[in-house]
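Asks: Got a structure for you, questions after.
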Amino acid sequence: MVDLPGYGYAKVSKKDKKTFQKYITNYFLEREQLVCSFILVDIRHKPQTIDMEFMQWMGENGIPFAIVFTKADKLKPMAIQRQVTEYLQHLLSGIWEEAPQHFITSSSKKMGRDELLTYIETINLGYFEART
Ligand SMILES: Nc1nc2c(ncn2[C@@H]2O[C@H](COP(=O)(O)OP(=O)(O)OP(=O)(O)O)[C@@H](O)[C@H]2O)c(=O)[nH]1
Ligand SMILES: [Mg+2]
C-alpha cells in the first residue's frame, strides 16, 4: 500500500507543485502492479476543480479509483448524505456515466473501516486470482 502526497493544496511554489504533480501522474501511469487507488476527499468540501480534473485524468488513463470521503465525524448524518449526494451528482452531471465506488469514513470514529478493508481484500483476491 502506498500513501501519496496530496496533489492539491501545498505550501510550496508553483514550480514545486508542478514537480510533485509530475511525480504523482507518472506513478499512476507506470505502476504496473496498481490494483486500485483511493482519492481522499474531505466530506465537508464542495467538489473542487482540481479533484474533478484529477478524476477525469484517472478515467481517461484507465486508472481504477474509488472515492473515500473523510472526516464524516464533522457532520451530522443528514449533512453527510447531502454532501455525498451532491458530490456524486456533480460527477454524474460531468463526464461520468456511473458514480465511482465510494466510502464514507471517519478515522477518529473508525467509521467505514470494515467496508473499506473488505473492499481492499476483495480487489486483492481478484488481482491474485487473475495472476495464478
Ligand atoms: N476529525 C477527523 N480528523 C481527521 C480525520 N482524518 C484525518 N484527520 C485529521 O486531519 C489532519 C490531516 O490528516 P493527514 O492524514 O495527515 O492528511 P493528509 O491528506 O495525508 O496530509 P498530507 O499527507 O500532509 O497531504 C490530521 O490532523 C488528522 O488528525 C477524520 O476522519 N476525522
Ligand atoms: Mg498524508
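The values are calculated or read from the model by the stated rules, or taken from the named source; none is laboratory data. Being a predicted model, the structure only gives us computed values, none of them experimental. As a convention, Cβ positions derive from the backbone with ideal geometry for all residues, glycine included, and neighbour counts pool all protein chains shown. When the accessible area is computed, the model is the full protein with side chains, heavy atoms only, and any ligands, DNA or RNA have been set aside. Shrake-Rupley method; radii C 1.70, N 1.55, O 1.52, S 1.80 Å.
Asks: Need pairs with beta-carbon distance below 6 Å; first residue part of a helix (DSSP H, G or I) and within the stretch 1-30, second more than 12 Å from ligand 1 (Cβ to nearest atom); sequence gap 6+ or separate chains.
Replies: Every condition considered, the pairs that remain are PHE28/ILE63.
Asks: Tally time: how many residues in the stretch 38-62 are open to solvent by less than 40 Å² (accessible area, probe 1.4 Å), without any contact (Cβ under 8 Å) to a residue 60 or more places away in the chain and farther than 16 Å from GLU97 by Cα?
Replies: 6
Asks: Continuing with the same structure: Name, by its number, the condition in (1) at pLDDT 95 or above; (2) away from ligand 1 (no atom under 12 Å from the Cβ) that does not hold for GLU129.
Replies: Unmet condition: (1).
Asks: Being acidic (Asp, Glu) and more than 14 Å from ligand 2 (Cβ to nearest atom) is the filter; apply it to the stretch 1-37 and report the residue that is surrounded by the fewest Cβ atoms within 10 Å (Cβ to Cβ). Talk me through it step by step, then tell me what you get.
Replies: Kept after step one, since they are acidic (Asp, Glu), are these residues of the stretch 1-37: 3, 16, 30, 32.
With the extra rule that they be more than 14 Å from ligand 2 (Cβ to nearest atom), the set shrinks to 16, 30, 32.
Working: ASP16: 11, GLU30: 8, GLU32: 5.
For the stretch 1-37, the residue satisfying everything is GLU32.
Asks: Now a separate question. Answer yes or no as to whether ASP73 is within 12 Å of the chain's Cα centre (by Cα), at pLDDT 95 or above and of a type in the set (D, E, K, R).
Replies: no
Asks: Also, quick follow-up: Would a scan of the stretch 110-122 turn up a residue that is loosely packed, with under 12 Cβ neighbours inside 10 Å, part of a loop (DSSP other than H, G, I, E, B), modelled with pLDDT of 95 or more and within 14 Å of ligand 1 (Cβ to nearest atom)?
Replies: Checking the stretch 110-122: at least one residue is loosely packed, with under 12 Cβ neighbours inside 10 Å, part of a loop (DSSP other than H, G, I, E, B), modelled with pLDDT of 95 or more and within 14 Å of ligand 1 (Cβ to nearest atom).
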